[in-house]
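To start, the structure itself, in structure tokens.
The values are calculated or read from the model by the stated rules, or taken from the named source; none is laboratory data. What you are looking at is a predicted structure, and each value in this text was computed from that prediction instead of being measured. Ideal geometry is used to build each Cβ from the backbone, glycine not excepted, and the neighbour counts take in all protein chains shown. Only protein heavy atoms, including side chains, enter the accessible area calculation; ligands, DNA and RNA are left aside. Shrake-Rupley method; radii C 1.70, N 1.55, O 1.52, S 1.80 Å.
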Amino acid sequence: MISSAPILAPTTAENANLKTIGNNLVQSELDAAQAIYRHVIPAGEPWIHEIAKGQFFRIVDLQGNQAVDTLFYNSHDYADRYSAQDTIQQQGNIYLTTGTKLISTAGTTLLTIVADTCGRHDTLGGACANESNMVRYAIEKRHMHACRSSFLKALIDWDHGMSKRDIPANINFFMNVPVTADGKLTFEDGISEPGKYVEMRADADVLCLISNCPQLNNPCNAYNPTPVEVIIWAAEP
Amino acid sequence: MTETSNLWEELIQPGAAWSHVLKRGTAMRLTDLEGAANVGAIFYNFECPVERYNMPDTLKAQHIARLTKGFVLYSDMGRILVSVIADSVGWHDPLAGTSNRQLIERKYDRATYQEVRNAYYKNGRDSFLIELAKWGLGPRDLVANVNFFSRVDVDSDGRMSFVPGNSKPGGYVELRAEMNVLAILHTCQHPLDPNPKYQPKPVHVAIRQVLAPAVDDSCRISRPENGRGFVLTERYFL
């Protein structure tokens, strides 16, 4: 179901920037018309949903350069959850892309990225919060809607006893956050575009928690949060 | 408050786990006695441990992927847990995480307590979890950690590489507690350490009383974000 052939080096000026991000670009052959679940998450809204082992899960950046703050939990033990550090340590690379195994704190593979038309995704920049916005931008920004509040709202509604203890460092799908040789963390212009997507295969039963980022203080999304689509396909027979 | 000489000091053995509540207004100096040490560390607000060290908030507030003098470690609540007030090493790794049992067995095989007594092989994750459990904390409280004395470089393609020889014998880093901070430490090797031998190093820890951060404190003025971080931390105590 998944094409293993990487997209060849771009030839048009329009996507010439893709040359700089390596050969991780892989398209999926899954047809959205065959999906078992489709949902558009509006800007600034959370989404929480179970994904069964073997199912395929795609996130589509509908309008481009949207940050999709994402966490995964082992459905059978929520204390066993996505670990940014274990994931980058195990693959020896800070960027998530095709082939990346999303590793849990207990060392198990929760999902594997099987297709990616964006090329790299961040897992160092974390989620915005009222409190971190006060530090980063201004104390009077406390009131502005933030991802960590969306995470908390979704966990409260999920009603399984989860709390802020269950919000570790997350993935920022479609965000470009390079580290420089002198140890600086930079927030670069997005490399995503309308319709780009990332697709994962669940290697375990997982719970997915997303905050479709409402950040209005950061140029990374052109100060314009936009909707994204989540699509799930059944496991291969 | 005045500065004091060391209130107390202790040797943390190689591969050991260790914890202490650093009181606001004290500083903890870690010294790498032999060189090539590694200290895995996570910090919590002792009064409310659901507030804890947050790697992404620390990195993005200061636009850094390393820690050294002038930088601070943020909690997830916009407050500063500890500030780096002295550092002879220049680079401490906040990215690469810690080892687990599978990694240690793959790299070094295993050595049990029954075989080698207290030199048995330990790993970072179990060390954190055991020490956390002593304070009533558990796997849900295990978050991204810092590795003092170790350096990991990242190239333009995102590849991470451990830099051997980052910390020399006698290298030190000093952390000033800006809150009452539960410090959970271990001295297990860095997970990306290419050393083929299980060879964790001892670390000396010394606690002293220090002056409150002045208006021109180097961590406070290193960037505007940290100025606001100190304001928010000081308000917590008012």
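Brief remarks follow.
- Residue check, B:Leu192 at pLDDT 95 or above, out of contact with any Lys or Arg (no Cβ under 9 Å at 6 or more places or on another chain) and open to solvent by less than 10 Å² (accessible area, probe 1.4 Å): no
- Residue within the stretch B:100-114 that is at the interface with chain A (Cβ under 9 Å from one of its Cβ atoms), touching a strand residue (DSSP E or B) at 6+ places or on another chain (Cβ under 9 Å) and among the basic types (Lys, Arg) present: no
- Residue that is nearest to the other protein chains (Cβ to nearest Cβ), among those in the stretch A:99-118 that are open to solvent by 20 Å² or more (accessible area, probe 1.4 Å) and over 14 Å from the mean Cα position of the chain (by Cα): A:Gly107
- Hits in the stretch B:19-72 (condition: outside any strand (DSSP E or B), more than 10 Å from chain A (Cβ to nearest Cβ) and basic (Lys, Arg)): B:Lys23, B:Arg24, B:Lys69
- So B:Ser222, is it part of a loop (DSSP other than H, G, I, E, B), over 30 Å from A:Arg81 (Cα atoms), open to solvent by 50 Å² or more (accessible area, probe 1.4 Å) and small (Gly, Ala, Ser): yes
- Residue count for the stretch B:73-107, restricted to those that are open to solvent by 20 Å² or more (accessible area, probe 1.4 Å), assigned to a loop (DSSP other than H, G, I, E, B) and out of contact with any helix residue (DSSP H, G or I) (no Cβ under 6 Å at 6 or more places or on another chain): 3.
- The residues in the stretch A:55-91 that are open to solvent by 20 Å² or more (accessible area, probe 1.4 Å) and assigned to a loop (DSSP other than H, G, I, E, B) can be counted, and the count is 6.
- Contacts under 7 angstrom Cβ, first residue in the stretch A:65-88 being at positive phi and within 10 Å of chain B (Cβ to nearest Cβ), partner assigned to a loop (DSSP other than H, G, I, E, B) and open to solvent by less than 10 Å² (accessible area, probe 1.4 Å), 6 or more apart: none
- Residue match in the stretch B:180-190 (condition: within 14 Å of chain A (Cβ to nearest Cβ) and touching a Phe, Trp or Tyr at 6+ places or on another chain (Cβ under 8 Å)): yes
- Residue in the stretch B:203-214 that is modelled with pLDDT of 95 or more, among the small types (Gly, Ala, Ser) and not in a strand (DSSP E or B) present: yes
- Wholly within the stretch B:127-173, strands (runs of 3 or more DSSP E) carrying at least 1 residues that are aromatic (Phe, Trp, Tyr) and surrounded by 22 or more Cβ atoms within 10 Å (Cβ to Cβ): B:146-148
- For the stretch A:154-192, a residue qualifies if it is among the small types (Gly, Ala, Ser) and more than 8 Å from chain B (Cβ to nearest Cβ), and the qualifying residues are A:Ala154, A:Gly161, A:Gly190, A:Ser192.
- Condition check for B:Pro202: surrounded by fewer than 20 Cβ atoms within 10 Å (Cβ to Cβ) and without any contact (Cβ under 8 Å) to a residue 60 or more places away in the chain: no
- Members of the stretch A:92-118 that are touching a residue at least 24 places away in the same chain (Cβ under 8 Å) and not in a loop (DSSP other than H, G, I, E, B): A:Leu96, A:Lys101, A:Leu102, A:Ser104, A:Thr109, A:Leu110, A:Leu111, A:Thr112, A:Ile113, A:Val114, A:Ala115, A:Asp116
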